[in-house]
Amino acid sequence: MAKELRIGVLGCGFMGKAHSNAWSQVSHFFDREHKPVLKAVYGRKEDMDKLEPFARRWGYESIETDWRKVIERDDVDLIDVCVPNIMHHDCVIAAAEAGKIVVCEKPLAMNVQEAEEMVAAVEKAGVPNMVSFNYRRVPAISLAKQIIDEGRIGRPFHYRATYNQDYTISTKVPQGGLALWRLDAKVAGSGVTGDLLAHSIDTAEWLNGPIQKVTAYTETFVKERVHAETGKVEKVNIDDACMFLAVFANGSLGTFESTRYARGRKNYNTLEVNGENGAVFFDLEDPHVLQYFRYADPDIGKKIEDHLTGWQRIHVTNAEHPYMKNWWVPGCTIGYEHTFINSFADFLASLEGGPKFQPDMRQALRTQRVCDAVLQSAKEGRWVEIPA
Ligand code: SOE
């Protein structure tokens, strides 16, 4: 017998849409005891022209223009925080104090201090919680995790991540406002470090273990932009590009690159891990494929026959691949939105006694520590250690 899980989503922008879709779809594709019901969605009064059609399109039962009202409602079990980063802290803490289950979009917070307070609040309240680092649930990335955990690449030497886009190259792109708050440091906390590298760091620590120390360089190419809300030209305070070197606890070395000025790149989120016995490579612009280089047999550690050594392009759509038995027949692909559905399917399973969902807020706090260390390193021009 399905149990209603009454959802209140805070935010009706890009992530509000991705999450609303995922809550609507998850029961269609995964057998879970909980059946999400879209109860209420919050948006600002000034954005009513977006909020009302949004609520109608996704079938929300009601709208609220005060986010605290959604949290106070007795007919809402779970609060899903999809508002700009500056609001995450207060929304998550209020939701935890009200005893709600809490979901939060990445990055968890504006900085480590906020993130620590959020973790303390959810842990004190004892409420289930998750942070939406959706790329872990791209089947090809989950398969990379499986291959690494099976010992197939052996001792890792190098971890290489890029996360590049090109949508802010024009000096005419404003900062701030509903669409471009990611360019306003007061609202986003940071630029590509919190927005894009947070994804790369979460995936990297999941696949390759903790990062011990970093040294970083950041650049802001366009120093001033019109602010969409004030109409005035204001200083740009975000990092437009960030590159950093990392040393992992397992002794491997990492390079991370992120920019919004990589002409031609839209959502070029790649990773490569080179190990003693093999390697994996993934590119989000080719999301169904995991490339795997087989060098040695994982059981005996010996080189496989010369004529079979090489990169395999695994089309990750078979029933035996992560998540794919819940989708279509082999060869039929899934997309970006499904990574959120897969995430909620795992989160519901964890509410029903399944494996604990990761990343929860405590794990996302680690990612926040690495992001803050990266920004500190860039500012001070030195290596910064990340506490274990
Ligand atoms: C930024 O453009 C952005 O929308 C990120 O905020 C998302 O987290 C990323 O997955 C896609 O790009």
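Might you let me know whether the range 375-383 holds any residue that is touching a residue at least 12 places away in the same chain (Cβ under 8 Å) and either in contact with a Lys or Arg (Cβ under 7 Å, 6 or more places away or on another chain) or closer than 30 Å to residue 26 by Cα (or both)? So far as the range 375-383 goes, yes, one or more of its residues are touching a residue at least 12 places away in the same chain (Cβ under 8 Å) and either in contact with a Lys or Arg (Cβ under 7 Å, 6 or more places away or on another chain) or closer than 30 Å to residue 26 by Cα (or both). Taking the criterion of being under 17 Å from the mean Cα position of the chain (by Cα) and under 27 Å from residue 339 (Cβ atoms), would at least one residue in the range 64-81 satisfy it? Within the range 64-81, one or more residues are under 17 Å from the mean Cα position of the chain (by Cα) and under 27 Å from residue 339 (Cβ atoms). One residue alone among 86, 93 is surrounded by fewer than 21 Cβ atoms within 10 Å (Cβ to Cβ), outside the structural domain of residue 180 (by TED's automatic domain parsing) and within 16 Å of the ligand (Cβ to nearest atom), and that residue is 86. Only a single criterion out of (1) away from the ligand (no atom under 16 Å from the Cβ); (2) without any contact (Cβ under 8 Å) to a residue 60 or more places away in the chain is not satisfied by residue 70, namely (2).
Under the condition of being part of a helix (DSSP H, G or I) and either surrounded by fewer than 15 Cβ atoms within 10 Å (Cβ to Cβ) or touching a Ser or Thr at 6+ places or on another chain (Cβ under 8 Å) (or both), the residues counted in the range 15-46 number 6.
The residue that is nearest to the ligand (Cβ to nearest atom), counting only those in the range 156-181 that are without any contact (Cβ under 8 Å) to a residue 60 or more places away in the chain and closer than 19 Å to residue 221 by Cα, is 180. For residue 60, the conditions (1) farther than 14 Å from residue 83 by Cα; (2) surrounded by fewer than 18 Cβ atoms within 10 Å (Cβ to Cβ); (3) aromatic (Phe, Trp, Tyr) all hold with the exception of (2). Among the residues making up the range 108-141, those that are crowded, with 22+ Cβ neighbours inside 10 Å and of a type in the set (Gly, Ala, Ser) are 109, 115, 132, 140.
Considering the range 107-206, the qualifying helices (runs of 4 or more DSSP H), each wholly inside and each with 2 or more residues that are more than 15 Å from the chain's Cα centre (by Cα) and at pLDDT below 95, run over 177-180.
Comparison of 355, 387 shows that the only residue that is farther than 18 Å from residue 135 by Cβ, free of Cβ contacts under 8 Å to residues at least 40 places away in the same chain, loosely packed, with under 15 Cβ neighbours inside 10 Å and not assigned by TED's automatic domain parsing to the domain that holds residue 145 is 387. Against the test of being under 16 Å from residue 135 (Cβ atoms) and surrounded by fewer than 18 Cβ atoms within 10 Å (Cβ to Cβ), the options 268, 336 yield a single qualifying residue, 336. Candidates are the residues of the range 1-55 that are small (Gly, Ala, Ser) and more than 23 Å from the chain's Cα centre (by Cα); the one that is farthest from the ligand (Cβ to nearest atom) is 2.
Looking at 237, 250, just one residue is within 19 Å of residue 384 (Cα to Cα), in a loop (DSSP other than H, G, I, E, B), of a type outside the set (Ser, Thr, Tyr) and more than 16 Å from the ligand (Cβ to nearest atom), and that residue is 250.
Listed by first and then second residue, the pairs with beta-carbon distance under 7 Å, at least 6 apart or on different chains, first residue in the range 258-280 and in the same structural domain as residue 208 (by TED's automatic domain parsing), second among the basic types (Lys, Arg), are 271/160; 272/160; 275/155; 276/155; 277/152; 278/152; 278/294. Restricting the range 256-299 to residues that are of a type in the set (Val, Ile, Thr) and under 19 Å from the mean Cα position of the chain (by Cα) leaves a set whose member that is nearest to residue 164 (Cα to Cα) is 259.
Filtered by the rule that a residue be within 16 Å of the ligand (Cβ to nearest atom) and either surrounded by fewer than 22 Cβ atoms within 10 Å (Cβ to Cβ) or assigned to a loop (DSSP other than H, G, I, E, B) (or both), the range 96-106 gives a lone residue, 106.
The values are calculated or read from the model by the stated rules, or taken from the named source; none is laboratory data. Computed from a predicted structure; not experimentally measured. A quick note on method: Cβ atoms are made from the backbone with ideal geometry, for glycine too, and the neighbour counts reach across all protein chains shown.
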